[in-house]
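S.K.: If you scroll down you'll find the structure; I have some questions about it.
Only the coordinates and a few stated rules stand behind these numbers; no lab work does. Keep in mind the model is a prediction, meaning the values are calculated, not measured. All Cβ positions, even for glycine, are placed from backbone atoms using ideal geometry, and neighbour counts span all protein chains on display.
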Amino acid sequence: MRQHQKTSKLAANTTKAQSSALSFKRWGRKHPFIRYGLPMISLTVFGAVGLGHLLQGSKDIAKVKDDQEWEIIQTRKALSRTGPVDAYKPKKISLEEELKTLQEKVDINNYDYKRIPRPNEGKSG
């Protein structure tokens, strides 16, 4: 008896599955928008939402990087106010003073001629 009930339940389940599959196919034929249009529109909408989410994440990362660079610039300015970065201050230089220092270093009245060899002269052919 139990065997008969199991087989009848199994048969009922298979016919139910077959009828649901047939009704789904029929449903797709009756309403093609639900079968084809709705998945396409949902894919488009969810894709746009997903891309927006990803782009917002990249914008957030770029903003964090900009904030870090800004902090670095601000710390540099703070250091320059106290000394290390702004420690080099060039003197005001005049051309006459530079000429005098150069003339003291180099004596243009005493010099030796040094011959510079030509490029093809060093090789014997």
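S.K.: Hey, with R₀ at 41 Å, roughly what FRET efficiency would I61 and I34 work out to, going by the Cβ-Cβ distance, to 0.05?
M.R.: Efficiency, from the Cβ-Cβ distance: 0.55.
S.K.: Additional query: Relative to the present Cα-Cα distance, how much length would full extension add between E69 and K9 at 0.36 nm per residue of separation?
M.R.: Length gained between E69 and K9: 14.5 nm.
S.K.: Report the extension gain between L99 and V49 in nm, rounded to one decimal, defined as 0.36 nm multiplied by the number of residues separating them, less their alpha carbon distance.
M.R.: 10.9 nm
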